[in-house]
Amino acid sequence: MSKSNKGSISKGVDAVMIWLYLLLVTIGLVAIFAVTYREGDSVVSSFFAFKTDYSKQFYFFAIAGLLAIFILLTDSKFFTATANLWYAAGIALLLLVFPFHSAVKGTESIIRFGGFQFQPAEFCKVPVCLALAKYLSLPNLDFSKTRSQLIAAAIAIVPAVITIAQKETGLALVFFAFFLVMYREGLPATILVVGFSIAALIIATLLIEKNTLAFILTALAALLVYLMRRQVKRDKGLLIKIVMLWALCVGIQRFAVPLLFQNVFQTHQVERIFSTIGKDIPPEYIDPKEAAAVAAGKKKDVDYNVKQSKIAIGSGGVLGKGLLSGTQTRYDFVPEQRTDFIFCTIGEGFGFVGTTVLLVIYLLLLFRIVFIAERQRSVFSRCYAYGVAAVFFFHVAINVGMTVGLAPVIGIPLPFISYGGTALITFTILLFILIRLDADRQMVLR
């Protein structure tokens, strides 16, 4: 325990963060109870029986609470001193999945321990956040150099690649949220612009016929050469750069996107992406093993989850149907309504008002984290705080977006709300390490 906090676990601790955390976990327990409680069960006894999902989540919360207290009693310097060890342990856990994994709902990223499940890819967000903060806070680091930027990117990308190999593309995408931390610490905006441009090109590739898009890209390149004709006359190298840019764009459109959708994403993930943009999956992107089922119309409607989720949210109206009065979620019309689609449970039960209150709480949490980040004296603490904010923002934005049909269904939980021990414990550790670091914000940690 650090000398500055000896004798009081609450000294320096941000009470607002604690209350927001407890409020979100309570909402999660109520939402899980709303969809898994069955008439005739004793509410009190079932909460302690470890047989229902809400009782299990209650015990997960108890474990998370004990870990939170342990973190608050830990010296802040422990996290800076062991950040790289955390990262090494996280990568080791990810690699351990390959020989010991269990296939669950299309993913191979879960390890079973008796009746318990553990997902290292979920937990690995903590080591990555610590390791990235440690690297970005090195005393002599010059983050304007390409080498430094590549090393920082590798810290986030390596676990993402391993996670993709475990057929857990949704969680893999979360690791790219850490680029927001790098941007805060000096990553050139042009890199983010390039990243968003590539994303826009991929979307255009899905929306526009390939030959038409190739013609559009060629016409844009020709227009750029015409508009910059005076500069091109003075510098012939500029013309070469424009041609190379054109070739890169066409290469992404013609080769990279098909390679990505045929060899990285699974068929159901590709279907969800095309469904989000309102198109049917092209035949070349269908797994040969599933082609016959698709052709015969026997394959499950890929939009079923989202359609039922929208019905549930819409049926909630302004004030909702009440805690145990929902029909879509109470009678299991919405798959994964206690995990990935739990937002629709809140929408049906508590309506527009309830979902708005929940989103406001998340906004308050995010703003509070950013506020805490900016008051840190330590670069390590600031970078870690922005890492936590980036992870929470990505999870909330994508989870809510996929629940209402504005984002592809990639299967990531809603922080502190969705059922799941690994997710709840991981988010708790992320948040309480930040609270611990903030309690010692007058220190300069390295």
Electrostatic dipole magnitude of the chain [Cβ: Lys, Arg +1; Asp, Glu -1; Cα centre; debye, to 20]:
1280
Distribution of pairwise C-alpha distances over the chain, 20 Å bins, in %
22, 53, 23, 2, 0
Sorted by packing (mean other beta-carbon atoms within 10 Å per residue), highest first, where do 136-148, 174-186 land?
174-186, 136-148
Per 0.36 nm of contour for each residue apart, how much would the distance between A397 and L22 grow if the chain were fully extended, relative to their Cα-Cα spacing?
132.9 nm
Among the DSSP H helices of the chain, those whose Cα atoms extend at least 24 Å along the helix axis and whose mean Kyte-Doolittle hydropathy is 0.0 or higher are 15-36, 53-72, 83-100, 146-165, 189-207, 210-227, 342-374, 379-403, 421-439
Using the Cα gyration tensor of region 153-230, with a ≥ b ≥ c the square roots of its eigenvalues, what is the shape: rounded (a/c below 1.5), prolate (a/b larger than b/c) or oblate (neither)?
oblate
All alpha-carbon distances of region 343-402, grouped into 5 Å bins from 0, give the whole-percent distribution 4, 18, 22, 20, 14, 10, 7, 4, 1
How much length, in nm to one decimal, is gained on full extension between E374 and E209, taken as 0.36 nm per residue of separation minus their Cα-Cα distance?
54.8 nm
Label model pair A256, D142: point-to-point distance (7 angstrom along the Cα→beta-carbon line) in nm is 2.9
Cα-centred dipole magnitude for region 321-412, charges only on beta-carbon of K, R (+1) and D, E (-1), debye, nearest 20:
400
Most fluctuating residue of T212, T345, T327 in a GNM of the chain with Cα springs under 10 Å: which is it?
T212
Calculate, axis by axis, the spread of Cα positions in region 195-295 along the three principal axes, and write the results as whole Å, longest axis first.
59, 22, 22
In the calculated pair distance distribution of region 301-421, what percentage of Cα-Cα distances lie above 20 Å?
46
Just to verify a number: FRET efficiency for F100 and Q231, C-beta to C-beta distance, R0 = 60 Å, to 0.05?
0.55
Helix-only mean residue ellipticity at 222 nm, the chain, DSSP H runs n ≥ 4 weighted -39,500 (n - 2.57), per residue, nearest 500. What is it?
-21000 deg cm²/dmol
By how many nm would the segment from F48 to A200 grow when fully extended, if each residue of separation counts as 0.36 nm and the alpha-carbon distance is taken off?
49.8 nm
Contact order relative to length of the chain, as percent, for alpha carbon pairs under 8 angstrom and 6 or more apart
24
Which residue fluctuates the most in the chain, going by a Gaussian network model with Cα springs under 10 Å, if the choices are F113, F61, F196?
F113
Dipole size in debye (nearest 20) for region 195-295 around its Cα centre, Lys and Arg Cβ +1, Asp and Glu Cβ -1?
840
Quick one: if the Förster radius is 56 Å, what FRET efficiency do L245 and T74 give, using the C-beta to C-beta distance and rounding to 0.05?
0.65
What FRET efficiency, computed as 1/(1 + (r/R0)^6) with R0 = 35 Å and r the Cβ-Cβ distance, is obtained for E284 and T190, rounded to the nearest 0.05?
0.55
S109 long-range amide H proximity, modeled H, under 5 Å
V104
Rounded to one decimal in nm, the spacing of the 7 Å Cα→Cβ label points at T82 and V353 is 4.6
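Readers should treat all values here as calculations from the given coordinates under stated rules, not as data from a laboratory. Because the structure is a prediction, the values reported are computed rather than measured. In this analysis, Cβ positions are derived from the backbone assuming ideal geometry, glycine residues included, and neighbour counts consider all displayed protein chains.
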